[in-house]
1. Kindly list the number of the only condition in (1) closer than 18 Å to residue B:97 by Cβ; (2) in contact with a Pro (Cβ under 8 Å, 6 or more places away or on another chain) that fails for residue B:48.
2. Every residue in the range A:141-194 that is hydroxyl-bearing (Ser, Thr, Tyr) and modelled with pLDDT under 95, please.
3. Within the range B:109-117, is there a residue that is outside any helix (DSSP H, G or I) and more than 11 Å from every other protein chain (Cβ to nearest Cβ)?
4. Return the total of residues in the range B:125-136 being at the interface with chain A (Cβ under 9 Å from one of its Cβ atoms), open to solvent by 80 Å² or more (accessible area, probe 1.4 Å) and not in a loop (DSSP other than H, G, I, E, B).
5. Using the structure shown, decide if residue B:89 is open to solvent by less than 50 Å² (accessible area, probe 1.4 Å) and either touching a Gly at 6+ places or on another chain (Cβ under 6 Å) or β-branched (Val, Ile, Thr) (or both).
6. Name the residues in the range B:63-86 that are open to solvent by 20 Å² or more (accessible area, probe 1.4 Å) and of a type in the set (S, T, N, Q), would you?
7. When you scan the range A:110-133, how many residues do you find that are under 14 Å from the mean Cα position of the chain (by Cα) and farther than 19 Å from residue A:48 by Cα?
8. Checking the structure you have, find out if any residue of the range A:101-108 is at pLDDT 95 or above and farther than 16 Å from residue A:76 by Cβ.
Amino acid sequence: MFMYEKRLLYPINIKNRDLRLAKVIVTQYGGPYGELGAALRYLNQRYTMPCDRGRSLLTDIGTEELGHVEMICTMLYQLTNGATMEELEEAGFKQHYAQYGMGLFPSDAFGVPFSVANIGSTGDPLVDLQENIAAEAKAQATYEHLMDLTDDPDVLEPLAYLRQREVVHLARFQELHDYYKEKFQSGNTVKSLA
Amino acid sequence: MKNVNLNKKNMNLQNSFDKLQLYSVDEGFVKGNLFVNLYQGYQGYTPQLAAPSNLEEAMMHEIQKYTFAAHDLNLYLDNNPDDARAIELFNEYQKMAKEAIQNYEKEFGPISLSSNKLDTVPWGWHKTNWPWGGDK
């Protein structure tokens, strides 16, 4: 089950509004390589992992990703809260405002709503882990792009932290993938690993 | 805008994690990575953490950094369940994290619904700030 701790995983204190930046950072909320997709992908895959290593790693990283969703939403909130009509106008934020007011909404950077349509799930642990390695690499690249798009240190700090988490997750998925690959090569079946 | 370096990828995918070389709790937290051999910087950006501006932020940092250290060891242990040294260290960090949570809650109120600081009127769950800063 899921519990909530009333705190961020990492501090975020953005002092300056920036609606244009919010419009691109939203890709890590509801975009193709974003945190919400990651959370659902891993939490979904964990059921069919063949042993405790897979079950625990997918659960624990999936849970962490929900905390990352919260961080991205915090950034979006702090980047937009209190905006004036002039700021909305200047930042090209009127479409968002028309549909969602100043509410948050999980979409990609083009406004396409979040979709789980392409979250990989095959029930084959080696394939699922390769999907996850790719997902983490894509998320890392996206954070690098976002870091390229701002000079605000208040924003760069949490983006850099989130990028580094992708680096670590990729390494852990790779580690588990290689462990399972070796196990399967030595004649174990998925069933015998449990 | 930063200059874009197209050779930025340096995917150091080591398959063996023999030596457990760890950063300190403080350095690991700022970097977002407890493991020295896994760390990959980006284009000369130096990770930094703004100094806490009040007691609440300072005490929250303590919670965040110890829980982070324990969590990064947690992920390592999921793949390396027989590493006794890592299990010991995980539990040390968890102990520090629990102390940091107790200290914070004593001062500011509950941060989870299993807290024992929810026994006063009015409802304590409303007392503490929400993480995205809605109250400020």
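1. Just one mismatch for residue B:48, condition (1).
2. So the first thing to find is which residues in the range A:141-194 are hydroxyl-bearing (Ser, Thr, Tyr), and the list is A:142-143, A:150, A:161, A:179-180, A:186, A:189, A:192.
Listed by number, the residues that qualify are A:186, A:189, A:192.
3. Yes, the range B:109-117 contains a residue that is outside any helix (DSSP H, G or I) and more than 11 Å from every other protein chain (Cβ to nearest Cβ).
4. Qualifying residue count, the range B:125-136: 0.
5. Details: open to solvent by less than 50 Å² (accessible area, probe 1.4 Å): yes; either touching a Gly at 6+ places or on another chain (Cβ under 6 Å) or β-branched (Val, Ile, Thr) (or both): no.
So residue B:89 fails the test.
6. Those that are open to solvent by 20 Å² or more (accessible area, probe 1.4 Å) and of a type in the set (S, T, N, Q): B:67, B:74, B:80.
7. The number of residues fulfilling the criteria is 2.
8. Looking for residues that are at pLDDT 95 or above and farther than 16 Å from residue A:76 by Cβ, one finds none in the range A:101-108, hence no.
The values are calculated or read from the model by the stated rules, or taken from the named source; none is laboratory data. Quick caveat: nothing in here was measured; it's all calculated off a predicted structure. Using ideal geometry, Cβ is built from the backbone for each residue, glycine included, and neighbour counts are taken over all protein chains shown. Ligands, DNA and RNA are stripped out before the accessible areas are found, and what is left, the full protein with its side chains, is counted by its heavy atoms. Shrake-Rupley method; radii C 1.70, N 1.55, O 1.52, S 1.80 Å.
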